[in-house]
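Take a look at the structure below.
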Amino acid sequence: IDYGALMMTELVTYTSNNNVATIRINRAERMNALNEEVILGLQAAWQRLETSDDRVAVLTAAGDKAFSVGADVKDAPKEMWQGVPSIGAQTSKPVIAAVKGWCIGGSYVIVQMCDLVVAAENTTFKYPEAQLGFTGGLIASAVARIPHKVAMEFMLLGEDFDAQRALTAGMVNKVVPTGEEESYAQAWAKILAESAPLVVKGLKEFSLATLNKSPAEAGAIARDQLLGIKFSKDGAEGRKAFSEKRTPQFNGK
């Protein structure tokens, strides 16, 4: 797959500098709401990161008001999980989220699956799905990443968690002055880019294997694998050979 071609979108950009990838959601006029193009752009970015020479990624978003307000209610993505690192695509390299303003619903799910999080002082996290009547279920993985009671409070009550509450809960690593979150994230990324890649990758993989997965998370990972088979060249060859009543020629791609 030519991931470079997949990334030719204005809504998600991928730039690389000194082995650090910067992945940016560019939909500030909609407060970076997640639609199909954004989600597929993020998935392509994680795939590109995995196959690139970059050793670490910084995930950020345009504008001042929001990292993202979650799913676009007017143009909802088909499969939100596809844009989530380590679920929609394998990401053995560390991802640092630089967050500011509102981070709501599905966008928090993306952030919680990042390895490190730098939050601006004006950041507010919120998960209102219980009050709205729907959920993708991936949020339940929060209980493996922050204290159980705090996770239940955040998931079920839909109340705002400001940056300091998020820091206390272990949802973020550092709170910095608003506007400086990306520079702090880039400074950490520089450290990781200059660290031993095999050690960084190994520790991340061991950590992911240690964390429990919620049923929704495990199901999404399995679905991603099955979709990969369904839309593979072998899958197309099998269907074509069946219709042509011949023996298929598979090549493992």
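A quarter of the convex hull surface defined by the alpha-carbon atoms of region 178-253 gives 9.4 nm² as the mean projection.
Put simply, the amide H of Ala33, placed in the peptide plane, has neighbours under 5 Å in Val69, leaving out anything fewer than 5 places away on its chain. Potential lengthening of the chain between Glu180 and Ala62 amounts to 41.1 nm, from the contour at 0.36 nm per residue minus the alpha-carbon distance.
For Lys174, the amide hydrogen comes within under 5 Å of the amide hydrogens of Val117, Ala119, counting only partners 5 or more places away or on other chains and with H modelled in the peptide plane. Here the simple spin-label model places points 7 Å from the Cα toward Cβ, and for Ser207 and Arg239 these points are separated by 3.9 nm. Beyond 24 Å, the tail of the calculated P(r) for region 111-253 holds 54 percent of the Cα pairs. Averaged across orientations, what area in nm² does the convex hull of the alpha carbons in region 57-121 project? Averaged projected hull area, Cα only: 4.4 nm². Distance between the 7 Å Cα→Cβ label points at Arg246 and Ser92: 3.7 nm. Placing pseudo-labels 7 Å out from each Cα toward the beta carbon at Asp162 and Lys190 gives an inter-label distance of 3.1 nm. Note: relative contact order over region 147-253, using C-alpha pairs below 8 Å and six or more positions apart, is 11 percent. Against the chain, whose longest principal axis comes from its Cα atoms, helix 181-193 is set at around 50 degrees. With 26 Å as the limit, write out which pairs from Lys126/Lys149; Lys126/Lys213; Lys149/Lys213; Lys78/Lys126; Lys100/Lys230; Lys100/Lys190 have Cα-Cα distances beyond it, or answer none. As for pairs spanning more than 26 Å Cα to Cα, those are Lys100/Lys230. Using only Cα atoms, what Kirkwood radius does region 103-151 have, in angstroms? Mean inverse Cα-Cα distance, inverted, gives 11.7 Å. Within region 21-69, the proportion of Cα pairs with more than 15 Å between them is 44 percent.
In the chain, once you exclude exposed chymotrypsin sites (Phe, Trp or Tyr not before Pro) (DSSP loop, at most 10 other Cβ within 10 angstrom), what's the longest stretch remaining? Excluding the exposed sites themselves, the longest stretch runs over 1-133. Rg/Rh, computed from the Cα trace of the chain with Rh as the Kirkwood radius, has the value 0.99. Remark: relative contact order (the chain) = 16 percent; criterion is Cα-Cα distance under 8 angstrom and separation of 6 or more residues. Over the Cα atoms of region 53-194, the radius of gyration divided by the Kirkwood radius equals 0.94; this is the Rg/Rh ratio.
Each reported figure results from applying straightforward, stated rules to the coordinates on display, with no laboratory input. Quick caveat, the model's predicted, so the values are computed rather than measured. Please note: Cβ atoms are built from the backbone with ideal geometry, for glycine as well, and neighbour counts cover all protein chains shown.
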